[in-house]
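Some notes on the structure that comes next.
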Amino acid sequence: MALALRFPYMCWMANAHTLGSMTSAPHTLAALRSGQLAGITRLDLACDLHEFPQEIFDLADSLEILNLSSNQLSSLPDDLSRLRKLRVIFCSENRFTHVPEVLSTCPHLNMVGFKSNQIRAVPASALAPWLRWLILTDNQISALPDSLGNCTSLQKLMLAGNHLTRLPETMAGCVGLELLRLSANRFEALPAWIFKLPRLAWLAIAGNPMSAQSAVESAPMAQVSWANIELGEKLGEGASGVIHKAHWQPSPEVAPRPVAVKLFKGAVTSDGFPADELAACLAVGQHHNLIRVLGEISGHPVGRSGLVMAWVDEGFRTLAGPPSLATCTRDVYPDDRGFSLPVALRLATSLASAAQHLHGRGIMHGDFYAHNVLYKAEGECFLGDFGGASFYPKAGAGCSRENAFEALDVRAFGCLLGELIERCPNENEPRLNVLKALQLGCVSPVAAQRPLFAEIGSTLQTLSR
């Protein structure tokens, strides 16, 4: 967070839905074997492991979080349940070809991550009904078992970058699901039950055959020659790319101006393909609560794609930190962060206006979170990070109501609005009661009963007078 507060673009770089934002310094195998780690609750081992170290079982009385990412593992021991306090396991970037069935024998294990393996099979018996968080991003999965529908406590499901064409109909029973990533798969259509899930708020679907282009014709994006860019310090690096401070001098007659440059990577991320994020950024158009995109980079020496964005002064900071392992789908605010009612109303009004603009262009944000908002103390703000953004699917791709996609972002906005209200001290302010009623409407479990952003904006503007 320190970097995010210093450099406002860092909020665009945080990968809040994977282990990347939650890692700690790795431990060593030598320290584990010598007994130096006795009593720890979290173990991070990345040391080219080919086999599961048996010494891990010496931590059975304390270990709650086990991170074995970035190794060469292909299996877990059959007696993994000896780690009786284990709640979280991450085995990303290994060599697993199937999700280990032994996971379901661990009675408290509710967060599982196997990103970037070689997984083709997800056995029905591997999925415990008490799962809260399942990451299977960037694998080779073409089908999921019906038993996934038994996971009624599942809140976060990450499936981007696989070979899926459908989801089990039983998943209509996953009534606790709040965040779903289906980008970069092979879906021709979405199942109708997705839009009936009462708590779903964050959905990403870009990079599928059903994906459409922008519903609104945009002016051609300006091309910014790489030769006219002087790259400066790196501000941050995330799953989809790297952001630098830079100076842009369009011509010798014009003085260089400070800008931010985002250079995209090519690999699939937890939200999907970087190319889809780039397409969304180019299609959003101009709005005073969106960071202005000045142009698309051309002529990069190794052909990398990128964006040149307006420089945001360092007086801005992120509204909140990303979700933690404990909060799962909810952002983390500093304990001392509070808002006066006028500031909360200005923030909410601005964000609703930005969202209305996006949906007017047929774009669902998909990651409408406070950690993707830059703000100043008086309430000026920008909505950023289009890594989870999706164009509305083509007609007939599984949704009969266009505003069903808007209703998802509305619920996400309602969650954020609730967080602002919680941090407002004006208990006896009559307008706060109206704001609370609006918030309850935004998070209604029945999507068709939620107000749309035009109505939300109108109500907020009335309250702000």
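The values are calculated or read from the model by the stated rules, or taken from the named source; none is laboratory data. These numbers come from a predicted model, not from an experiment. Backbone-built Cβ (ideal geometry, glycine too); neighbour counts: all protein chains shown.
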**Request:** Please state which of the following conditions Pro301 fails to meet, knowing it meets all the rest: (1) within 22 Å of the chain's Cα centre (by Cα); (2) loosely packed, with under 14 Cβ neighbours inside 10 Å; (3) in contact (Cβ under 8 Å) with a residue 60 or more places away in the chain.
**Result:** (1)
**Residue check, Thr41 surrounded by fewer than 20 Cβ atoms within 10 Å (Cβ to Cβ) and at pLDDT 95 or above** = yes
**Request:** Check off (1) in contact with a Lys or Arg (Cβ under 6 Å, 6 or more places away or on another chain); (2) free of Cβ contacts under 8 Å to residues at least 12 places away in the same chain for Ala204 and give me the number that stays unchecked.
**Result:** (2)
**Asked** Got a number for residues in the range 409-434 being over 17 Å from Glu178 (Cβ atoms) and surrounded by 13 or more Cβ atoms within 10 Å (Cβ to Cβ)?
**Response** 9
**Request:** Quickly run through the range 105-131 and pick out the residues that are in contact with a Lys or Arg (Cβ under 7 Å, 6 or more places away or on another chain) and assigned to a loop (DSSP other than H, G, I, E, B).
**Result:** His108, Leu109, Asn110, Asn117, Gln118
**Fill in**
Given (1) outside any loop (DSSP other than H, G, I, E, B); (2) farther than 22 Å from Ala412 by Cβ, Met171 misses just (2)
**Item:** the range 179-193, residues that are surrounded by fewer than 22 Cβ atoms within 10 Å (Cβ to Cβ) and touching a Cys at 6+ places or on another chain (Cβ under 9 Å)
**Value:** Ala189, Leu190, Ala192
**Asked** For Ala246, are the conditions met, namely being of a type in the set (A, V, I, L, M) and either surrounded by fewer than 16 Cβ atoms within 10 Å (Cβ to Cβ) or not in a loop (DSSP other than H, G, I, E, B) (or both)?
**Response** yes
**Request:** Note down all Cβ pairs under 6 Å where the first residue falls in the range 64-79 and is at positive phi and part of a loop (DSSP other than H, G, I, E, B), the second is modelled with pLDDT of 95 or more and of a type in the set (D, E, K, R), and they're at least six residues apart or on different chains.
**Result:** Ser70/Glu93
**Request:** Would you mind finding the one in Gly232, Gly266, Gly207 that is modelled with pLDDT under 95 and on the phi > 0 side of the Ramachandran plot?
**Result:** Gly207
**Request:** Those residues that are hydroxyl-bearing (Ser, Thr, Tyr) and in contact with a helix residue (DSSP H, G or I) (Cβ under 8 Å, 6 or more places away or on another chain), I need them from the range 318-374; list them, please.
**Result:** Thr318, Tyr333, Thr349, Ser353, Tyr369
**Request:** For the range 346-379, name all the residues that are assigned to a loop (DSSP other than H, G, I, E, B) and surrounded by fewer than 24 Cβ atoms within 10 Å (Cβ to Cβ).
**Result:** Arg361, Gly362, Lys376, Ala377, Glu378, Gly379
**Message:** So if I check each of Ala448, Ala437, which one is among the small types (Gly, Ala, Ser), surrounded by fewer than 18 Cβ atoms within 10 Å (Cβ to Cβ) and in contact (Cβ under 8 Å) with a residue 40 or more places away in the chain?
**Reply:** Ala448
**Asked** Among the residues of the range 156-163, is any at pLDDT 95 or above, over 24 Å from Arg199 (Cβ atoms), surrounded by fewer than 21 Cβ atoms within 10 Å (Cβ to Cβ) and within 22 Å of the chain's Cα centre (by Cα)?
**Response** yes
**Among residues of the range 24-52, those that are under 32 Å from the mean Cα position of the chain (by Cα), part of a loop (DSSP other than H, G, I, E, B) and not aromatic (Phe, Trp, Tyr), counted** = 12
